[in-house]
Amino acid sequence: VMLRIASEILQCDFSGDLRCLYLRAKALETLAQLLQHLHCGSRGEVGTREQRQLEQARRLLEQRYAESWSIDRLAQAVGLNQKKLQAGFRVMAGRTVHAHLRELRLHAAATMLAEGVGVADTALAVGFSNLSHFSKSFRQTYGVTPSQWRQHLPPHARLLARKVAHGTRNARTGHAMS
């Protein structure tokens, strides 16, 4: 398609304002073709094997969010190159790998804080090594600091969170409770 457009531009016999208008139209056609190619290339044309690898990456993050995940490490773990992982993950999840991991960690942190776990213990348990960064990220997401979340959660919500978390498994360790 792009070769056809280039050929038509080269064979243009118009002059003056008509030529200028024709070239602008061809430039827009070229841009539209390029955007369509980029859109279709990143949406829906992910191969079945690649789709399985992307799903595997998502599951790894969801199951092991507390671990230190770099793009390189995750890509190696699922057998994709970094660019395919990043582009495919954005299409599949609607956000970057980092944003997805951050959301998983902060959701887990909110649950742990509701259970009464301390802020520092929570931050470390969900994969934040820097307490300040954890607090800033938590506040950006939930609108309050982790301490405020923990202190101002209604008692019945805190009790419910404990019952759910400790019903059969410890939410932080995954070990069966006795």
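Listed values, structure above:
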item: Förster radius 45 Å - calculated FRET efficiency between Tyr22 and Thr96, Cβ distance, rounded to 0.05; result: 0.65
item: Per-pair calculated FRET efficiency, R0 = 35 Å: Thr48 and Gln151 via Cβ, rounded to 0.05; result: 0.10
item: Hz values of 3J(HN,Hα) by residue in the range 3-14 - Karplus curve (6.51, -1.76, 1.60), Gly and Pro given as x; result: 5, 4, 5, 4, 4, 5, 5, 5, 8, 5, 9, 6
item: Separation in nanometres of the label points that stand 7 Å from Cα toward Cβ, at Gln63 and Ala77; result: 1.0 nm
item: The range 98-152 shape via C-alpha gyration tensor axes, a/c threshold 1.5; result: rounded
item: Percent accessible area from carbon and sulfur atoms, the range 1-120, protein chains only, probe 1.4 Å; result: 55 percent
item: Principal axis dimensions, largest first and in whole angstrom, of the range 51-90 by Cα; result: 23, 17, 17
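The values are calculated or read from the model by the stated rules, or taken from the named source; none is laboratory data. For clarity, every value in this text was computed on a predicted model and none was experimentally measured. Here the Cβ is made from the backbone with ideal geometry for all residues, glycine too, and neighbour counts use every protein chain on show. Please note that ligands, DNA and RNA were not included when accessible areas were found on the heavy atoms of the full protein model with its side chains. Shrake-Rupley method; radii C 1.70, N 1.55, O 1.52, S 1.80 Å.
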